[in-house]
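Read the structure below first, then the notes.
The values are calculated or read from the model by the stated rules, or taken from the named source; none is laboratory data. The shown structure was predicted, so the numbers you read here are calculated from the model rather than taken from an experiment. With ideal geometry, Cβ positions are generated from the backbone for all residues, glycine too; neighbour counts draw on all protein chains shown. SASA here: full protein model, heavy atoms, side chains in, ligands and nucleic acids out. Shrake-Rupley method; radii C 1.70, N 1.55, O 1.52, S 1.80 Å.
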Amino acid sequence: MRTSIFSCSKCGNQFPKWAGRCESCGAWGTVLEEENQTTAHETEKNTSKPGKIKLFSDKFHATANTIPTNVHALDFILGGGLVSGSVSLIAGEPGIGKSTLLAQCALAVTKNGKRVMYVTGEESPTQVKRRLERLSPKLPETLFALDETNADIIAATILNQKPDLTIIDSIQTIRTEQANGEAGSVSQIKSSAAIITAAAKSSSCPVILVGQVTKEGDVAGPRILEHLVDTVLFLEGDNAHRYRLLRCLKHRFGPTDEIAVMTMTEHGLETVTDPSEELLRDRLINTSGTAITCLLEGHRCVLIELQALVTSAGYGTPIRRATGIDQARLGILLAVLAKRANIHALDKDVYVNATGGIDARDPSNDLGLALAIMSAVKEKALDPRTGCMGEIGLAGELRPISLPEVRLKEFSRLGFTTVIGPQIKKIQIPKGLTYHGVGTLREAIQYS
Ligand code: TYD
Ligand code: MG
């Protein structure tokens, strides 16, 4: 028996008979007739089998199977390797080394006799082969190429071949008939990734997608795929520098607070075991305009060098250039230095740089940057065994930062004898280290 019900399209209230005006919200002409679905549904029999419930207090068996990639940095960040059926995205600017890292990964995974399929969308299979041969002259018997940009065909191949790992380089070049637009458009990337994700899940085969990020931001980049994939990794650094940072922005199967530092060599990307030591190795001692600060990335501390160059400005507005440092933050610090500490560089050209191509935009680097600028203005080098840390407020006050003790340990481990930072109550200072906890930038300058 067909029953009807009338419901308001505005407020959703239901009525047994039609009315010109909704009694509930008062809107006119919004009450429409529709089939009474609840009544219709109640008369039908529910044929679904009930789901199984279990006690939270019981032991849960981990069903996820992890495949190690045998690439140290990747396994470290992923907490052991790739979970079966998972989809990971490796994002980064062009030329940063995504294809290199994945070529290494493809070769390393085959070491355990696993089958790897490399989908070459962006480059020709010959180009990818050349890269692989550069890394390993003899190519393994279980490494396959698929020269394809159609997401449906790639998904069907995953389901049919069930490779132990599929690498798709890159998602921007993949398209599907099921969506409109050019390859690389938001709708194409989303739909293609969804088709490939479905194949990964139903075949339990892990997939790694490469995502290009433009310098201007993340146009059609990882943001639109973030909710779709299980893991988002970011490879960053400066093409001109040797160092690359691999960080995890999202990981459904573990913590996201580890980073790996790698360096580009002729044999691909190699993990740096002691990043602080590596980053400080090339620094010039007794040169003005540099300061050492501690960058905290997740659980990991890395000591980095901040550099400043201050020169007389030519005509017009003074130049400000910042690499690895926020340009707006630089402007604020120059103003605070002038107003609160009598260090004048506002009318000068100022260039600042975090060495190694590291992203040092964290506010805890404020004091390091301010002291580097101060040292450049005064043309006086800071003591090479003094480090600094702390955020600076507009009043010139030094603000507390997270995990100061972890940072102090790192300074101490690398042979620093003095650290200047904010005042901290009850702090444990490593043996052999002097900590100057100060309230203001002016005081910090006195100790430097
Ligand atoms: P690539 O991995 O193609 O970057 P992406 O895929 O992110 O665009 O290339 C990165 C750079 O690394 C490229 O300029 C060549 C260089 N490279 C090395 O220095 N050593 C190597 O062993 C390889 C394979 C590449
Ligand atoms: Mg590439």
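Quick one: Ala108 ticks every box in (1) free of Cβ contacts under 8 Å to residues at least 60 places away in the same chain; (2) in contact with a strand residue (DSSP E or B) (Cβ under 6 Å, 6 or more places away or on another chain); (3) more than 10 Å from ligand 2 (Cβ to nearest atom) bar one, so which box is it?
(2)
Of the numbered conditions (1) open to solvent by less than 10 Å² (accessible area, probe 1.4 Å); (2) closer than 28 Å to Gly432 by Cα; (3) within 26 Å of the chain's Cα centre (by Cα), Val352 satisfies every one except a single condition; which is it?
Unmet condition: (2).
Return a yes/no flag: does segment 91-106 have any residue that is more than 15 Å from ligand 1 (Cβ to nearest atom) and either over 18 Å from Gln212 (Cβ atoms) or touching a Gly at 6+ places or on another chain (Cβ under 7 Å) (or both).
Checked against the condition, which is being more than 15 Å from ligand 1 (Cβ to nearest atom) and either over 18 Å from Gln212 (Cβ atoms) or touching a Gly at 6+ places or on another chain (Cβ under 7 Å) (or both), segment 91-106 yields no hits at all.
In segment 14-27, what count of residues is obtained for those that are more than 52 Å from the chain's Cα centre (by Cα) and either small (Gly, Ala, Ser) or modelled with pLDDT under 85 (or both)?
Of the residues in that region, 2 qualify.
Gly415 passes all but one of (1) crowded, with 24+ Cβ neighbours inside 10 Å; (2) within 20 Å of Arg300 (Cα to Cα); which number fails?
(1)
Looking only at segment 295-345, count how many residues are open to solvent by less than 10 Å² (accessible area, probe 1.4 Å), out of contact with any helix residue (DSSP H, G or I) (no Cβ under 6 Å at 6 or more places or on another chain) and farther than 21 Å from Lys380 by Cα.
Residues meeting the conditions: 1.
Here are some residues: Thr256, Thr231. Which one is within 14 Å of the chain's Cα centre (by Cα), among the polar types (S, T, N, Q) and open to solvent by less than 10 Å² (accessible area, probe 1.4 Å)?
Result of the check over Thr256, Thr231: Thr231.
What residue, of Gln127, Gln161, is over 26 Å from Arg247 (Cα atoms), of a type outside the set (Lys, Arg), assigned by TED's automatic domain parsing to the domain that holds Glu226 and within 16 Å of ligand 1 (Cβ to nearest atom)?
Only one candidate qualifies: Gln127.
With respect to the numbered conditions (1) open to solvent by 60 Å² or more (accessible area, probe 1.4 Å); (2) at pLDDT below 95, which one is the sole condition not fulfilled by Glu379?
Glu379 satisfies all of (1) open to solvent by 60 Å² or more (accessible area, probe 1.4 Å); (2) at pLDDT below 95 except (2).
Residue-by-condition table, conditions (1) at pLDDT 90 or above; (2) over 30 Å from Val272 (Cα atoms):
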{"residue": "Ser9", "(1), (2)": "no, yes"}
{"residue": "Gly29", "(1), (2)": "no, yes"}
{"residue": "Lys49", "(1), (2)": "no, yes"}
{"residue": "Ile53", "(1), (2)": "no, yes"}
{"residue": "Phe76", "(1), (2)": "yes, no"}
{"residue": "Gly81", "(1), (2)": "yes, no"}
{"residue": "Ser99", "(1), (2)": "yes, no"}
{"residue": "Cys105", "(1), (2)": "yes, no"}
{"residue": "Asn112", "(1), (2)": "no, no"}
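If you check Thr142 against the conditions, is it over 23 Å from Val232 (Cα atoms) and touching a helix residue (DSSP H, G or I) at 6+ places or on another chain (Cβ under 7 Å)?
It is true that Thr142 is over 23 Å from Val232 (Cα atoms) and touching a helix residue (DSSP H, G or I) at 6+ places or on another chain (Cβ under 7 Å).
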